[in-house]
1. With both partners inside region A:6-245, how many of the DSSP beta bridges are antiparallel, as a percent to the nearest 5?
2. Tell me, B:22, B:102, A:412 in order of fewest to most beta-carbon neighbours within 10 Å?
3. Over chain A, what is the relative contact order in percent, taking alpha-carbon pairs closer than 8 angstrom and at least six residues apart?
4. Put a dot 7 Å past each Cα toward the Cβ at residue B:8 and residue A:236; how far apart are the dots in nm?
5. Counting other C-beta atoms within 10 Å, which of A:161, B:197 has the fewest, and how do the rest follow?
6. Return the average number of partner chain Cβ atoms within 10 angstrom of each residue Cβ along peptide B:205-218.
7. Could you compute how fast the protein assembly as shown diffuses translationally, taking Rh as the Kirkwood radius over C-alpha pairs and applying Stokes-Einstein at 37 °C with viscosity 0.692 mPa s? Give it in µm² per second.
8. Give me a single rounded figure for A:14-21: the average over its residues of other chain Cβ atoms within 10 Å of their Cβ.
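Values quoted throughout were computed directly from the atomic coordinates according to the rules given, and no laboratory measurement underlies them. Bear in mind the structure is a predicted one, so any value in this text is a computation, not a measurement. A quick note on method: Cβ atoms are made from the backbone with ideal geometry, for glycine too, and the neighbour counts reach across all protein chains shown.
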Ligand SMILES: Nc1ncnc2c1ncn2[C@@H]1O[C@H](COP(=O)(O)OP(=O)(O)OP(=O)(O)O)[C@@H](O)[C@H]1O
Ligand SMILES: [Mg+2]
């Protein structure tokens with residue numbers, strides 16, 4: 001490792017948005033066959049740095065060297081040509097094309113006429129690549145039918161097909177379940193063996209310690225240092241990252257739990273959810289765990305009125321609810337933070353103020369808006385959740401991933417009369433410091449007597465926050481556990497069903 | 001106290017004016033005015049300037065409705081045909097000496113109903129409003145032919161107040177109505193919940209739905225609002241030209257859409273404002289006027305008009321490149 005060649009070198013990269021200096025002379029280096037982790041708080045500049053490397057964003061100053069050669073004008077096209085591929089979270093694949101067509105997109109193999117696409121050949125080659133990676137996906141499935149994890153795998157296959165020398169992962173595991181995370185990490189090791197250089201961004205420090213060779217810490221756009229992972233411990237890293245010690249397990253305060261407040265009875269939807277019943281008490285956090293695809297998200301979207309159940313009912317304070325749409329759910333005091341924020345929550349092209357007060361206006365039902373009051377509400381939310389936002393006109397898509405999540409979560413805090421909060425992966429993409437803030441917030445809600453349903457794939461989160469844990473498997477809630485000394489391994493066994 | 005806090009945490013964003021679409025529009029308008037004025041000094045006469053204002057009143061009202069509709073993520077290309085049908089119907093009413101009160105009521109009801117039909121069909125059949133309104137374009141135009149039997153409907157000397165009054169002998173009443181409508185739409189978009197709904201639905205309708213907003217209602221309101229304004233525009237138009245025929249209003253939707261887009265409201269929805277539209281309409285009006293002033297051959301005018309629209313769009317595309325373009329120029 002020590003004497004392997006350097007493939008990527010970034011020197012004194014500066015990036016400025018408006019008056020906000022996002023990267024302050026950051027330097028970064030990647031060697032062949034190295035897994036170089038990049039960590040830092042939300043808004044530290046990680047995504048921006050790799051976007052500069054992949055040509056999606058152009059730096060204000062600084063130099064990019066690929067295999068020792070200075071690249072003056074990096075563009076996405078040139079980056080691909082130089083062997084730099086990025087595996088994005090919200091994948092860049094075309095849903096209506098097959099796996100093979102996606103892998104070959106832009107460089108279709110043609111038959112000798114030079115005009116018709118050679119499907120068989122493409123499928124054949126794709127199958128080889130996928131098999132070599134140990135990925136069990138047929139090349140002629142439509143990408144739209146794949147899960148997030150599978151889509152990421154296809155992106156990796158696509159990168160390899162393009163002879164990638166560098167593969168960048170930006171929070172690849174934040175929407176993956178346990179098994180999938182494991183598979184992905186094996187795959188990443190596999191790529192490393194092939195001599196590919198890997199840049200790996202994640203908020204899960206355990207992954208860094210398991211995978212990484214070196215780790216670089218960014219804070220407020222500054223490089224706080226690069227370390228050999230072997231020679232560094234967690235507290236050094238968190239100290240450099242957030243400026244204080246943080247533990248991976250959150251110690252939740254004890255909250256008094258009251259009477260039953262929310263009741264879910266025999267909820268069913270053919271082929272998706274089978275006869276699920278459970279209840280949540282006042283001040284209780286009811287965790288829902290399970291593998292990806294076990295029906296967790298479908299279950300909560302039925303409670304919120306997005307999907308209509310064939311049978312079953314939702315009761316709040318003993319009253320049976322008629323919920324035909326999210327509008328009814330909200331009127332009955334149900335809040336919902338969805339997992340896929342870009343698709344289901346963010347008003348793209350609108351600013352942070354509008355994005356954070358949308359629910360407030362629906363609850364108040366005032367036809368005329370009070371813009372001053374709105375701004376104050378937004379500011380108080382920004383302060384409370386320490387959202388990194390530079391001004392009131394900043395668009396939601398211009399925030400970093402974790403800060404977007406905070407705004408999406410924050411918009412529900414203005415609903416004073418809410419009874420039930422449903423959080424689907426509440427800390428997706430959120431840094432470890434901010435994660436504690438969100439846990440604190442959930443604890444406060446519980447103390448106010450709210451009921452909380454929390455779907456989570458993050459084991460430490462599930463175990464440290466839940467009062468009880470409902471385990472979902474194949475659309476059924478097979479068990480409800482009191483959270484007393486539950487071990488991660490036991491839970492996983494229940495999830496998988498062995 | 002709270003206010004100073006919010007100013008501290010969320011200060012106003014500072015945006016360079018070179019990144020603002022309206023800066024370029026205004027610039028284009030000033031340059032155009034100077035050039036035309038130099039070539040033909042009649043351009044800056046009071047009568048010509050009020051002429052321009054009178055001519056852009058109708059387009060401005062149509063473009064205002066179109067702005068809200070496009071922000072909501074929809075579009076209506078039957079607007080011109082709708083204007084044609086409404087002007088024919090009310091012209092026939094006026095010819096038959098039906099009271100003006102009924103004329104006004106029918107104009108607004110009919111145009112709103114037409115627009116509502118377009119919106120409701122598009123929503124009910126889950127078809128893009130572009131296609132649906134293309135169908136309705138034919139229906140409206142055809143109906144106008146059927147009821148007029150293709151005959152020119154003139155109303156000489158009647159119903160003139162709306163289109164020909166000049167307040168203080170100077171300011172055209174139609175233009176004043178237009179200005180009031182700009183302000184009204186601005187108010188709706190910025191200060192009402194309906195306005196927020198329009199932006200939210202156009203930006204991400206799924207997210208809007210999950211936030212408790214009725215997407216269907218919001219879109220129908222946007223269509224109705226557009227229809228209402230089409231009614232007003234039709235009356236002003238008829239009053240000004242004193243006659244109607246089935247082809248009246250042809251192509252107006254394209255000019256309105258052009259003005260909206262030049263004004264910085266993208267067809268993809270969720271963004272934009274009425275001030276840009278106002279400048280877009282003004283530019284359109286000035287171009288027409290300039291072409292007349294410079295005595296450009298009418299056949300050729302269409303071509304020049306189209307070129308201007310393309311040029312304006314090119315400028316706005318460059319300005320939204322946000323300096324990356326400039327940087328590339330500097331580097332190479
Ligand atoms: N297009 C943009 N316009 C203005 N500011 C931007 C834009 N893109 C990013 N920023 C700002 O740059 C900073 C760094 O963002 P970046 O996405 O790189 O953070 P990150 O380290 O990836 O954070 P996270 O862990 O939350 O994903 C943020 O404060 C963000 O608000
Ligand atoms: Mg990021």
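1. On the way: 24 of 42 bridges.
Close to 55 percent.
2. Working: B:22 18, B:102 12, A:412 21.
Ascending number of Cβ neighbours within 10 Å: B:102, B:22, A:412.
3. Working: 962 pairs, mean separation 80.5, N = 498.
In percent, rounded to a whole number, it is 16.
4. 3.8
5. Details: A:161 19, B:197 24.
The order, fewest Cβ neighbours first, is A:161, B:197.
6. Numbers: counts 0, 6, 13, 4, 5, 17, 14, 14, 7, 2, 0, 0, 0, 0.
Taking all residues of B:205-218 together, the mean is 6.
7. Numbers: Rh = 30.1 Å.
This corresponds to a translational diffusion coefficient of 109 µm²/s.
8. Values: counts 0, 0, 0, 1, 4, 3, 0, 0.
Counting other chains' Cβ atoms within 10 Å and averaging over A:14-21 gives 1.
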